[in-house]
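Chemist: Sharing a structure here in structure tokens format.
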């Protein structure tokens, strides 16, 4: 039972990490209908920029601020150079453009900072919490809890941003209907810039968390692939869906790895999450919290 | 003046319905085929045939398969490489386990197995659409590669999962040289491309396009949704499976499952986007572009090194290539979202009027 609990908790906390990446996807999809495949490489770019700056002896906060600024500039450039000329194109074209952006970002970050892996320390040790392991014999990493806390904080901040602020209302209006939003005088371009900048900041947070866990290396770009099942499970348009989808995927993946994996020869984590998400989709085609589409002829 | 259909009268339904109704098109396609079958093997050297033209044709076939599914039937798929892998490994197994099977038969079995896998993973398309479906096809990509790695039978229990494609023998003659493999690939690709061109003009093709443009409306006018969508998946996967078998037998020779990763799926997707979604010709143009472009970049970087007599670090060159490649894709999408096939179409329309502007 203890072992089960430990696996479950580990899975849930891993799910939070997936959700961190999925959040970036949701933000951009919500506000512009673009399925941003480049989110994974944005995570990589952010983490690599930050770690390279700190390794050059920069102060933690200074490096953080500079990286944040870089992500904002990146968001602005993306909007100006990639998205604005592609307004009114079908979604698949925009999706392809973001795959192109993935190549550019991966090339750029490795060109600037080199491709060797870096370690990252944020001052929170990745060790089991002592009193938990003593009392209940359950090992839960301190860092995982910290990551979960950060993710929770991020969700609250984003929820407040979307629900309570003027910008948030504009964002929701744009997500609802581009043309209607334009008609009432919401500057579409500014909104997109803001969304991409915010998604860049989310990518930075995700990059830091993943960087501490697995090191800052090229494999970080694959976090996007981990986030996709979370995304379709939770629904593309829902911030809450990203978190809850992440928890479901993380927990079921870890449990399956431990309990089903040995039966079929292991290594199932590469596809199990997708199958779970697929099964959910067969029941609810728009994900758990996605908006229901009504098709009219 | 050169390209004008004025004066070409059609007096039978057969003439009216032929694949290339304009005489100049017919001449051009025969000239192109003659060039590819006769002139290229004579003037092409080993390197060109084996390393550029054969993979170009194979990837064009895969792009054609994806184009049937994505371009004509409107179902976005990211699992192309998985279908290719199924085709490659099942063709290998057919050669291995069925005595005296002709190579074409093995390719067909590879294609049919890929089609079966395609139908299974196409089932979700009945419920889910758009990007949800695209992500669902990723499940296929990862699951198939995992299965090939795990199930020893598929790779004949080789310890590393690597298979060596058997020697190709056609009517008793072994095909060993680049030229023979090129001609075999070319024949299969030419036949299948013509078949696809014809299929897309038939009732099936029109049903695909109706589903693509609006599936609810298509269902309302009586197009069976399940049959059409699954057929699209089956045909598309069949093409990809045959392409995968050719990839293994005529290009790679020694095949590991890692040859069919997500990267390959994306490359094929790029081909149809750059070439033109929903166009047979576009699949070929896109494949040509994506195959030739890295070679061109390589030559360019060498030329720069020679011109300035500097040694560019290898990592820097490959990163620059990635940046240029990605940038170019974005550029293409902005300038011509309908792909190279659209440029060709515009050229033809201009040619019809030439030398008069209107």
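Where a number appears in this text, it was derived from the coordinates with a stated rule and is not lab data. Everything numeric here is computed off the predicted structure, so don't read it as measured data. Cβ atoms come from the backbone with ideal geometry, glycine included; neighbour counts cover every protein chain shown.
Chemist: Could you tell me the distance between the Cα centroids of the range B:180-215 and the range B:59-100, to the nearest Å?
Modeler: The two parts, judged by their Cα centres, are 14 Å apart.
Chemist: Return the inverse of the average 1/r over all pairs of distinct C-alpha atoms in the range A:1-134, which is the Kirkwood hydrodynamic radius, in Å to one decimal. The partial results should precede the final answer.
Modeler: Values: mean 1/r = 0.0575 Å⁻¹.
Kirkwood hydrodynamic radius for the range A:1-134: 17.4 Å.
Chemist: Going by Cα centres, the range B:292-358 and the range A:1-28 are how many Å apart?
Modeler: Distance between centres, Cα-based: 42 Å.
Chemist: I would also like to ask the following. Take each of the peptides A:218-229, A:1-12, average the number of other beta-carbon atoms within 10 Å over its residues, and list them starting from the highest. Provide the component values of the computation, followed by the final result.
Modeler: Details: A:218-229: 22.1, A:1-12: 15.3.
Most protected by this proxy first, the peptides run A:218-229, A:1-12.
Chemist: Two decimals is fine: what is log10 I(q)/I(0) at q = 0.10, 0.11 Å⁻¹ for the protein assembly as shown, from a Debye sum with one equal scatterer on every Cα and no solvent?
Modeler: Listed by q, the Debye log ratios stand at -1.01, -1.22.
Chemist: What Rg and what Dmax come out for chain A when only alpha-carbon atoms are used, in angstroms?
Modeler: In order Rg, Dmax, the Cα atoms of chain A give 19.5, 63 Å.
Chemist: What is the angle, in °, between the Cα long axis of helix A:91-113 and the longest principal axis of the Cα atoms in chain A? Nearest 10 is fine, range 0 to 90.
Modeler: The answer is roughly 60 degrees.
Chemist: Then there is this: Any idea what angle helix A:223-234 forms with the longest principal axis of chain A, computed on alpha-carbon atoms, 0 to 90 degrees, nearest 10?
Modeler: That works out to roughly 80 degrees.
Chemist: Averaged across A:273-284, how many Cβ atoms of other chains sit within 10 Å of each residue's Cβ atom? Write out the running numbers ahead of the final one.
Modeler: Values: counts 2, 9, 4, 1, 5, 13, 1, 0, 7, 6, 1, 2.
Going residue by residue through A:273-284 and averaging, the value is 4.
Chemist: If you don't mind, another one. Starting from the Kirkwood Rh over alpha-carbon pairs, what translational D in µm² s⁻¹ does the range A:212-272 have by Stokes-Einstein at 37 °C and 0.692 mPa s?
Modeler: For these conditions, the coefficient is 258 µm²/s.
Chemist: Could you list the residues of the range A:236-277 with an amide nitrogen less than 15 Å from a label point located 7 Å from the Cα of residue A:283 in the Cα-to-C-beta direction?
Modeler: It comes to A:245, A:248-249, A:252, A:275-277, nothing else.
Chemist: Here's a follow-up. Apply 1/(1 + (r/R0)^6) to the Cβ-Cβ distance of residue A:81 and residue A:153, taking R0 = 51 Å, and write down the FRET efficiency to the nearest 0.05.
Modeler: Details: r = 32 Å, r/R0 = 0.63.
Efficiency for this residue pair is about 0.95.
Chemist: Show me B:236-248, A:35-47 ranked by packing, highest mean number of other Cβ atoms within 10 Å first. Write out the running numbers ahead of the final one.
Modeler: Values: B:236-248: 31.6, A:35-47: 28.6.
So the peptides B:236-248, A:35-47, ranked by packing, come out B:236-248, A:35-47.
Chemist: To test your reading of the geometry: what angle, between 0 and 90 degrees and rounded to tens, separates the Cα axis of helix A:166-176 from the longest principal axis of chain A?
Modeler: 80 degrees
Chemist: Normalise the Cα radius of gyration of chain B by 2.2 N^0.38 Å (N = residues in it) and let me know the number.
Modeler: 1.04
Chemist: Quantify how strongly other chains surround peptide B:112-124 by giving the mean number of their Cβ atoms within 10 Å of each of its Cβ atoms.
Modeler: 1
Chemist: What ranking do B:53-61, B:347-355 get when scored by the average of other Cβ atoms within 10 Å per residue, highest first?
Modeler: Order by mean packing, descending: B:53-61, B:347-355.
Chemist: Additional query: Between residue B:51 and residue B:201, what is the FRET efficiency for a Förster distance of 35 Å, r being their Cβ-Cβ separation, to the nearest 0.05?
Modeler: FRET efficiency, residue B:51 to residue B:201: 0.50.
Chemist: Kindly give the semi-axes, whole Å and largest first, of the ellipsoid equivalent to the range B:289-358, taking each as the square root of 5 times a Cα gyration tensor eigenvalue.
Modeler: After scaling each eigenvalue by five and taking roots: 35, 15, 9 Å.
Chemist: What relative contact order, as a whole-number percentage, does chain B give when Cα pairs under 8 Å and 6 or more residues apart are counted?
Modeler: 30 percent
Chemist: Roughly how crowded by other chains is peptide A:87-98, in terms of the mean Cβ count from those chains within 10 Å of each of its Cβ atoms?
Modeler: 5
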